[in-house]
Amino acid sequence: ARYFFNKEGDFNNLTAAAYHKKTHLLVTGFASGVFHLHELPDFNLIHSLSISDQRIASISINCTGDWIAFGCSGLGQLLVWEWQSESYVLKQQGHFNSMVSLAYSPDGQYIVTGGEDGKVKVWNTSSSFCFVTFTEHNSGVTAVTFTSTGYVVLSASLDGTVRAFDLHRYRNFRTFTSPRPSQFSCLAVDSSGEIVAAGSQDSFEIFIWSMQSGRLLDVLAGHEGPISSLSFNPMKCVLASASWDKTVKLWDMLDSWRTKETLIVNSDVLVVAFRPDGKELAVAALNGQITFWDHENAVQTGSIEGRHDLQMGRKELDKITAKQAAKGKSFTTLCYSADGQSILAGGLSKFVCIYNVKEQILMKKFEISCNHSLDAMEVCEHRCLFLISSPPQDFDCELVVNLLNHFQISLLGDMSYRHFKPEIRVTCVRFCPTGRSWAATTTEGLLLYSLDSGLIFDPFELDIDVTPSNIHKTLSQKEYTMAIVMAFKLNEKKLIQEVIEAVPSSEVDVVCSSLPDLYVEKLLEFLASAFETSCHLEFYLIWAQKLLMLHGQKLKTR
């Protein structure tokens with residue numbers, strides 16, 4: 001049979017379709033964002049609905065035929081629709097174009113992101129879903145941050161406002177503005193959450209507001225270029241500001257915002273970050289260097305030459321080699337790890353680098369994508385060399401030269417054709433306060449890297465004859481985790497104590513990391529009761545510390 005959708009004359013392209021065999025359900029999606037549900041073989045229209053103003057790119061139906069999933073690539077939408085009750089099961093949408101900034105909440109459970117589309121989104125790190133979107137900004141968001149309480153999100157934008165959002169009632173309760181309209185490029189909030197600072201990229205000034213009253217307290221002038229980054233010292237009332245005028249200025253809040261120190265850098269400063277203990281300052285500049293400063297004495301303590309670590313392949317339309325292009329690379333975002341021993345850095349490259357601060361060496365390079373449709377992803381350089389030693393009599397050299405010229409032009413592409421391959425870049429990196437994971441906003445989306453695998457899988461619920469003799473046997477084979485689990489299955493207090501005390505203190509870390517989530521709470525309950533009676537206090541404290549460091553995050557979310 002053949003049926004036409006265009007009976008009403010509102011024809012637009014059919015872009016996606018799916019058919020469910022059991023229920024004879026045909027779902028069709030169109031370029032206008034409308035979808036139709038038809039029952040075959042009679043082609044009866046069950047219902048039709050507009051779910052987006054962008055084309056529907058993909059459709060899928062679940063095995064029972066109750067739920068239909070739609071994907072709209074234009075706005076990054078994912079929708080799951082239950083057609084019988086006509087209700088949404090799931091509704092998610094990403095940033096329309098690239099994300100620019102991110103920040104972790106103090107407990108590491110949430111991430112806030114700001115995008116060039118003017119949206120501020122808050123995501124849950126355990127479910128990976130966005131649960132609230134704020135759309136008050138009229139222009140691109142340049143910076144976002146949480147206050148120390150974790151219930152207030154701040155965002156700075158090019159529309160000349162800094163907005164504060166309440167995560168209890170999901171509303172914009174404060175809007176900070178400057179006397180003359182300014183485009184804000186960076187943002188910082190002090191550890192008390194009372195002082196909000198934002199840097200301007202057109203008037204070269206830093207504006208200071210009170211969170212309590214919303215009033216402008218001060219305007220700090222002194223920089224001779226756009227303000228690129230701001231950071232408050234976590235331990236003291238000191239604000240560090242970085243600018244394209246090749247300086248980092250330290251402002252003392254207690255001394256009525258006087259310039260405490262000016263650090264001179266060799267190149268335009270792009271980003272500045274304090275170590276979590278507030279004793280060290282990291283500065284990344286346009287020349288690709290990361291320098292470390294003892295800001296109390298204004299002394300440089302070390303530097304990392306990082307531009308070679310950002311090197312990628314040669315771009316399609318580049319006239320210079322990748323090695324030469326790497327000389328113009330620099331880090332645009334920095335973040336210390338939770339313990340302050342390493343630093344995370346990213347920039348206009350597919351690599352995110354982790355350096356050891358003390359040794360000043362590269363510990364690891366993360367490649368955030370290996371998608372070869374993006375520009376400069378090919379590391380090998382393709383260059384052809386033709387050698388014609390003794391051409392034959394009938395060899396037409398002119399034809400070969402013309403062919404080679406044509407081949408070269410077709411390789412480079414027509415310069416008037418305005419289509420370029422998209423490039424990959426990292427706009428912001430942040431370490432989780434728990435120290436177990438870090439996140440990056442990139443052209444590929446929001447990426448999370450973690451030491452914890454999120455899977456809860458308990459492979460110990462197998463048919464093993466759990467008897468005291470078998471437990472002792474397992475213990476003698478040094479299979480400590482297995483022995484602990486077996487002991488908890490028997491649930492005899494004396495036996496559990498015997499097994500735990502048989503574990504060497506050096507093995508505690510390994511045992512805790514391999515312990516299934518099911519038994520973590522049981523072990524913590526046992527430790528709590530053991531503290532009151534046992535004389536092995538330090539040993540049990542080591543157990544408690546390791547368990548909470550490794551599993552605290554999961555326990556909190558439950």
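Here are some notes:
- Protein heavy-atom accessible surface, 1.4 Å probe, per residue over the chain: 53 Å².
- Contour minus Cα-Cα distance for Lys365 and Cys535 (0.36 nm per residue): 56.6 nm
- Per-selection Rg to Rh, region 10-93 - Cα, Kirkwood hydrodynamic radius: 0.94
- Lys327 paired with Asn138, simple spin-label distance in nm, labels 7 Å along Cα-to-beta-carbon: 4.5
- Positive-end residue, region 224-375 charge dipole about Cα centroid, Cβ charges, pick of Ala242, His308, Ile343: His308
- Note on Ser513/Val466: beta-carbon distance plugged into 1/(1 + (r/R0)^6) with R0 of 30 Å gives a FRET efficiency of 0.85.
- For the peptides 488-499, 221-232, the ranking by packing is 221-232, 488-499, with the highest mean count of neighbouring Cβ atoms within 10 Å listed first.
- Spacing of the modelled spin labels on Lys493 and Glu305, each 7 Å from Cα toward Cβ, amounts to 6.5 nm.
- Segment Ala528-Asn97, length gained on full extension (0.36 nm per residue, minus Cα span): 150.2 nm
- Tail beyond 14 Å, pair distance distribution of region 88-168 (Cα, percent): 57
- Near-label residues of region 52-67 by backbone N, under 19 Å of a point 7 Å along Cα→Cβ of Glu82: 60-67
- Whole-angstrom gap from region 230-244 to region 522-558, using each part's C-alpha centre: 38
- Carbon plus sulfur fraction of accessible area for region 78-153, probe 1.4 Å, in percent: 50
- Pairwise FRET efficiency - Ser127 versus Glu521, Cβ, R0 = 30 Å, nearest 0.05: 0.90
- The candidate values were [x] 68; [y] 62; [z] 39; the one computed from these coordinates for percent of Cα pairs over 43 Å apart carries the label [z].
- Global dimensions of region 468-557 from alpha-carbon coordinates: Rg and Dmax equal 12.2, 37 Å.
- For the pair Glu479 and Ser48, a Förster radius of 45 Å applied to the C-beta separation gives a FRET efficiency near 0.15, rounded to the nearest 0.05.
- Once backbone amide H atoms are built at 1.01 Å from N, Gly118 has Val141 as its partners under 5 Å, excluding neighbours fewer than 5 places away on the same chain.
- Listed peptides 333-340, 80-87, 515-522 by packing density, highest first (mean Cβ within 10 Å): 333-340, 515-522, 80-87
- Rounded to whole Å, sorted largest first: equivalent-ellipsoid semi-axes of region 136-219, Cα gyration tensor: 19, 14, 11
- When the solvent-accessible area of region 468-557 is split by element, carbon and sulfur atoms take up 55 percent of it, the probe being 1.4 Å.
- Here the sum of -39500 (n - 2.57) over DSSP H runs of 4 or more residues, divided by the residues of the chain, equals -5500 deg cm²/dmol at 222 nm, to the nearest 500.
- Distance from the alpha carbon centroid of region 172-198 to that of region 46-70 works out to 42 angstrom.
The values are calculated or read from the model by the stated rules, or taken from the named source; none is laboratory data. Keep in mind it's a predicted model, so treat the numbers as computed, not measured. As a convention, Cβ positions derive from the backbone with ideal geometry for all residues, glycine included, and neighbour counts pool all protein chains shown. Accessible surface is based on the protein model in full, side chains and every heavy atom, while ligands, DNA and RNA are left aside. Shrake-Rupley method; radii C 1.70, N 1.55, O 1.52, S 1.80 Å.
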